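To start, the structure under review is shown below, and the notes come after it.
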Amino acid sequence: SVLEESLDQRIAKLEENVEPEYIAKRFNKKQPIDACYNLAIDWGFEGIMIKDADMAYEPGKRSKGWLKYKPPRIELDVVITSAEYGKGKRSGWFGTYGISVKDGANYIEVGKVGTGFSDDDLQYLTTELRKGIEKYEGDKYYFVPRIVLQVTSDLITTDADGNIGLRFPRTMRIRHDKFAADADTLQRVKELM
């Protein structure tokens, strides 16, 4: 039994006996918590656990040496209104998407999202968005608002010019069941701030 050993000692024994893909990802103790959290979100996790590496394991309960770091997230249905082609593995596909919410008959961009997509999603979005190109300027393409995404974000921010944006947005899914008219409104975004 390794229950009485420290986290570092338990992890060392696991690393000797278990394949790396089955061991929890760990961060250096000196890395900022927000950076660790953002990496974990990018990898598809919903947060991080902060543990006292010197404590023994306490089975059956969350001990005082553990802290779950999962800030409340904001979920919105947004419309893709622009995109840019990706680079590297994503070349040939749109890889970054400008996302907007409704403001009356208009759409107001609230950020860009490039995470949370499978290769199939990227292929589908590129094919569908190419059918509705309104214009392009440089590397950026603008579309007729048609495709809705459900996104999650850490928080909503406002810049010095009063522009509203989503901090660290991540796509949860493509909303095939919704139309652009069903997207969230600027008013709702302001209420969530």
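The values are calculated or read from the model by the stated rules, or taken from the named source; none is laboratory data. These figures come from a predicted structure and were not determined experimentally. As a convention, Cβ positions derive from the backbone with ideal geometry for all residues, glycine included, and neighbour counts pool all protein chains shown. Remember, those area values only see protein heavy atoms, side chains included, never the ligands or the DNA or RNA. Shrake-Rupley method; radii C 1.70, N 1.55, O 1.52, S 1.80 Å.
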**Report entry** Option label - Rg and Dmax of the Cα atoms in Å computed here, alternatives (i) 20.8, 65; (ii) 18.9, 66; (iii) 17.9, 56
**Finding:** (i)
Query raised in the report: Using r as the Cβ-Cβ distance of A160 and S1, and R0 as 41 Å, what FRET efficiency do you calculate, to the nearest 0.05?
Result: 0.10
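Taking only C-alpha pairs under 8 Å that are 6+ residues apart, what is the relative contact order of the range 83-177 in percent?
Over the range 83-177, the number comes to 25 percent.
How large a share of the accessible area of the chain, in percent, is made up of carbon and sulfur atoms when the probe is 1.4 Å and the other protein chains stay in place?
The value for the chain is 49 percent carbon and sulfur by accessible area.
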Query raised in the report: Which value, in Å² rounded to 10, gives the accessible area of K135 with a 1.4 Å probe and all protein chains present?
Result: 100
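Accessible area per residue for the chain in Å², computed with a 1.4 Å probe and the full protein assembly in place, what is it?
Numbers: 12010 Å² over 193 residues.
In whole numbers, the chain has 62 Å² accessible per residue.
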Query raised in the report: Okay, helix-only estimate at 222 nm for the chain: each DSSP H run of n ≥ 4 adds -39500 (n - 2.57), divide by all residues, round to 500 deg cm²/dmol; what do you get?
Result: -6000 deg cm²/dmol
**Report entry** Ranked order, F27, F168 - accessible area, probe 1.4 Å, largest first
**Finding:** F168, F27
Requested in this report: Compute the Kirkwood hydrodynamic radius of the range 80-193, taking the inverse of the mean of 1/r over all pairs of distinct Cα atoms, and give it in Å to one decimal.
Outcome: 14.4
Query raised in the report: According to the Cα gyration tensor, what semi-axes, each the square root of 5 times an eigenvalue, does the equivalent ellipsoid of the range 2-114 have, listed from largest to smallest in whole Å?
Result: 40, 19, 10
Query raised in the report: Under the definition of Cα pairs under 8 Å and six or more residues apart, what whole-number percent is the relative contact order of the chain?
Result: 20
Requested in this report: Determine which lysines satisfy two conditions relative to K64: a Cα distance under 28 Å, and not lying fewer than 8 residues away in the same chain.
Outcome: K13, K25, K29, K30, K51
Report task. On the full set of protein chains, 1.4 Å probe, figure out the accessible area of M193 and give it in Å² to the nearest 10. Result -> 110
